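Chemist: Encoded as structure tokens, here's the structure I'll be asking about.
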Amino acid sequence: MRTDPDRPASSAPWPTWVHAPVRAAIEGTGVRELWTHQRHVADLAHEGVDVGICTGTASGKSLAYLLPVLSALSEGVSAPTGRGATAIYLAPTKALGADQEARIASYAIPGIRAATLDGDTPTDERRWIREHAHLVLTNPDLLHHTLLPQHERWASFLRRLRYVVVDESHVYKGVFGAHVALILRRLQRIAARYSASPTFVLASATSAAPSEQLGRLVGRPVQVVDEDGSPHGATTYALWEPGSAPSDPTGESRRSAVAESADLMTALVRRGVQTLTFARSRVGVEVVAEMTRAALGSDGSTVAAYRGGYLPEERRELEAALRSGALRGLAATNALELGIDISGLDAVVMAGWPGTVASFRQQAGRAGRGAAPSLVVMVAADDPLDTFVTHHPAAIFDRPVEQAVCDPANPYVLAPHLAAAAAELPVTVADSAYFGDDMVGLLAALVARGVLRRRPRGWFWAREDRPADHFSLRGSGEDVVRIVETRTARVLGTVDGARSHTTVHTGAVYTHQGAPFVVTALDLDDGSAHVVPGDPGWSTMARSVSSFDIVSSHRHEVWGDCELHFGTIRVRSQVTSFLRRLPSGEVLGEHPLDLPERELVTRGVWWTMPESVALATGLDPADLPGALHAAEHASIGMLPLVAQSDRWDIGGVSTALHPDTGVPTVVVYDGHPGGAGFTERAYAAARTWLAATRSAIADCSCAHGCPSCVQSPKCGNGNEPLDKPGAVLLLDRLLRDAPVDGEG
């Protein structure tokens, strides 16, 4: 248990520059003065300084950026065209954009026209927005696919572009973050074509090195304001470890975090405590809500679920019921982690560690708004990181949040954006100011492939189709596989090409919104997996073989007899078979698959240890592969401790003798072509990362290894072999001569 004391407010007067109609409208909602951080951000943005606001959840970030934006738009209403200034608001989710549009509409500022533009906006509305809207609320996908490729149609809007607001900017990390960073550079380049130079205002959760992170996102310096002047009541935190699962006689598996969280929410709601429970998946959300409703009986109608896939009208009704108090309990995915205006909650329960300290603080911030005290309970799931943070509270409370990483220089991401930029406006050498020093070399490669054409005025798009249609912002640009229900030809969803081999191979059991389907055929040439509905009574798990080649080491450190490297690697993997398992865990059989080998060139971090040094720890030679394998699994699970990654963004391979190093080697790599920045951050914080990995394994109460320490849900070898004690021995030896992070 830990309790943070309450924080008093620190206020500031209204700026004199705020346009009178804007001030009157906002004061009409009850705002009489600003918090100090709101005033600081608003002043900087008004002066044309690119600024990032990195304060806690419910600290009023929206008002900080809306003051300068709405003032500029309101002043521009008197222009001859009625539109002397325009602005763009970017949000990662439709719900967040809708929430902001509703907020602005509630102000009813005379003359200001704000409109949402997304994939569902009808054609006639789009035309009206282009010609008349002052503020366009949209998303990076719409910029990429529509506004930038059609910038001539948006000329009058772009010519007056004064502000670009990037909300929840900490979401833009990894490969997705690199794509968004390049979209923002393309936007700046097109705006300059129309003699506009908008000021960027970025709202973010607190993060490590926020100035560096936000600057990398927009490609220019950003001044950060992170001193929070808003009031907050005392918050009590509890880290909760469930008991053993009733079905496990060994006592080495915990009770489900979902079931435990449902019990906690039931108890809290019964005591009149309005509670929000976060679960990691849509299925988990539905299970928490249903278990709580069943336990409450006649009071179950005061509990609901909230997740993606619901109609916008349903979500708005749920949000309104939560604000009014009609709902006493809500189970939600991280859609409510973002800046939707939900306030006044008494407690937050997390069904499993949310992955990063940043997400933990975002979710916890939903409780105790204003001066009221609040409760936050994190229920540990069977996972190495959950185990670690439960036993080491300082990892949550006494260290800064992780650094959000993205790498816009990744050639696999940069190249398609250069092609898209050339289709929008010929690329010239001067555009390296936006796209970096590697631009010219990549342009030459695109010319050689026939994608671009070089002319005296620059590089031009050389094809008839649209480059923006050839790659996804939320992946590496690789083609996706459609999941098609055979009997109806209905497309259930998609999966990226890399994961299709493990999730929708022939014979796989695939679950869609809780309903099971069996894959009858995977057609890689057609990019489709064909499924039929039905529950065969078993689950499936793909098995694979992997190996890696070291292409080049970019940086390295010597740790006594061991070495740590960061560099480029080539990972080769092939799914060779799949297992059928009953719910009890019993294996019914293994079935071969004939799938091609996949190759991934990416970035990774690896460490090496001479075999003689490893065996000197007391390990038996036969146990060395299992010890390396266990250390690899746990280090993948612990990497989010130092970088804002997801376990599924990371891969790993270990071997007792690697041909490129000649010694036992463990590699952890970014699961995206060209890398995503996660393992580069892991290299920079290697001692912290690997020491935490060692602690997570050693502190787990199991005897031989379990999902809480060294077993992995994505292991292609069925979690064999694994040697938990051996992993601790190896990591102890590796860390013995490790320098403090940043000193190597």
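The values are calculated or read from the model by the stated rules, or taken from the named source; none is laboratory data. The model shown is predicted, which means the values in this text are computed figures rather than measured ones. Positions of Cβ are generated from backbone atoms using ideal geometry, with glycine treated the same way; all protein chains shown enter the neighbour counts. In case anyone asks, the SASA skips ligands and DNA or RNA and just uses the protein heavy atoms, side chains included. Shrake-Rupley method; radii C 1.70, N 1.55, O 1.52, S 1.80 Å.
Chemist: For Lys94, Lys724, what's the largest-to-smallest order of accessible area, 1.4 Å probe?
Modeler: Lys94, Lys724
Chemist: So what is the relative contact order of the range 572-623, in percent, for Cα pairs below 8 Å that sit 6 or more residues apart?
Modeler: 31
Chemist: Rank these by accessible area, largest first, 1.4 Å probe: Asp646, Asp167.
Modeler: From most accessible down to least: Asp646, Asp167.
Chemist: Per residue, how big is the convex hull of the range 357-474 when only Cα atoms are used? Give it in Å³.
Modeler: Expressed per residue, the convex hull around the Cα atoms of the range 357-474 is 200 Å³.
Chemist: Based on the Kirkwood radius over alpha-carbon pairs, what is the Stokes-Einstein translational diffusion coefficient of the chain at 37 °C with 0.692 mPa s viscosity, in µm²/s?
Modeler: Reported coefficient: 119 µm²/s.
Chemist: For the range 22-101, report the translational diffusion coefficient in µm²/s to the nearest whole number, using Stokes-Einstein at 4 °C, 1.567 mPa s, and a Kirkwood Rh over Cα pairs.
Modeler: In µm²/s, the coefficient is 93.
Chemist: Enter the angle in degrees (range 0 to 90, nearest 10) between the Cα long axis of helix 174-193 and the first principal axis of the Cα atoms of the chain, meaning the one along which they spread out most.
Modeler: For 174-193 against the chain, the angle is about 30 degrees.
Chemist: Relative contact order, percent, of the range 142-267 when contacts are C-alpha pairs under 8 Å separated by at least 6 residues? The partial results should precede the final answer.
Modeler: Values: 105 pairs, mean separation 26.6, N = 126.
Reported relative contact order: 21 percent.
Chemist: No other cysteine beta carbon under 4.7 Å away is the test; run it over the chain and list who passes.
Modeler: By the Cβ distance rule, which asks for a partner under 4.7 Å, the isolated cysteines are Cys54, Cys406, Cys562, Cys715.
Chemist: Next question, about the same structure. For every helix of n ≥ 4 consecutive DSSP H residues, a contribution of -39,500 (n - 2.57) applies; sum these over the chain, divide by its total residues, and give [θ] at 222 nm rounded to the nearest 500 deg cm²/dmol.
Modeler: One gets -10000 deg cm²/dmol as the mean residue ellipticity at 222 nm.
Chemist: Oh, and also: Where does helix 282-296 land angle-wise versus the long Cα axis of the chain, in degrees 0 to 90, nearest 10?
Modeler: 90
Chemist: Moving on to the next point. Tell me, what ³J(HN,Hα) does each residue in the range 417-426 have, in order and in whole Hz, if you take phi through Karplus 6.51 cos²θ - 1.76 cosθ + 1.60 with θ = phi - 60° and put x for Gly and Pro?
Modeler: 6, 5, 5, 5, 5, 5, 6, 6, 6, x
Chemist: With θ taken as phi - 60° and the coefficients 6.51, -1.76 and 1.60, list the Karplus ³J(HN,Hα) couplings across the range 6-21 in order, rounded to whole Hz; mark glycine and proline as x.
Modeler: Result, ordered by residue: 5, 10, x, 6, 10, 10, 9, x, 5, x, 6, 7, 4, 4, 3, x Hz.
Chemist: If you add up the charges near Gly111, with Lys and Arg at +1 and Asp and Glu at -1, over every other residue whose beta carbon is less than 13 angstrom from its beta carbon, what do you get?
Modeler: Summing Lys and Arg as +1 and Asp and Glu as -1 gives +1.
Chemist: Here's something else I'd like to know. Find out how many positive minus negative residues lie around Gly677, taking Lys and Arg as positive, Asp and Glu as negative, among other residues whose Cβ is under 15 Å from that of Gly677.
Modeler: Residues close to Gly677 contribute a combined charge of -2.
Chemist: Taking θ = phi - 60°, what integer Hz values does the Karplus form 6.51 cos²θ - 1.76 cosθ + 1.60 yield along the range 351-361, in sequence order, with x for Gly and Pro?
Modeler: The phi angles translate into 7, x, 4, x, x, 9, 4, 4, 5, 4, 6 Hz.
Chemist: With N denoting the number of residues in the range 21-173, provide Rg(C-alpha) divided by 2.2 N^0.38 Å, to two decimal places. If you can, show how the numbers build up before the last one.
Modeler: Numbers: Rg = 15.1 Å, N = 153, 2.2 N^0.38 = 14.9 Å.
Dividing the Cα Rg of the range 21-173 by 2.2 N^0.38 Å gives 1.01.
Chemist: Lys and Arg at +1, Asp and Glu at -1: add these up for the other residues within a Cβ distance under 14 Å of Val429 and post the number.
Modeler: +1
Chemist: If you don't mind, there's one more thing I want to ask. Please determine, in degrees from 0 to 90 and to the nearest 10, the orientation of helix 123-132 with respect to the longest principal axis defined by the Cα atoms of the chain, where the helix direction is its Cα long axis.
Modeler: That works out to roughly 50 degrees.
Chemist: Let me ask something additional. Suppose a student asked you for the relative contact order of the chain, using Cα pairs under 8 Å spaced at least 6 residues apart; what percent would you report?
Modeler: Relative contact order for the chain comes out at 11 percent.
Chemist: So who's got an amide H within less than 5 Å of the one on Val349, skipping anything under 5 residues away but keeping other chains? H placed 1.01 Å off N, in plane.
Modeler: Here the answer is Leu276, Thr277, Phe278, Val377, since their amide H atoms fall under 5 Å of that of Val349.
Chemist: Pull up all non-local amide H partners of Val531: gap of 5 or more, or a different chain, and H-to-H distance under 5 Å with H placed in the peptide plane.
Modeler: Answer set, sorted by chain and number: Val484, Glu485, Thr486, Thr520.
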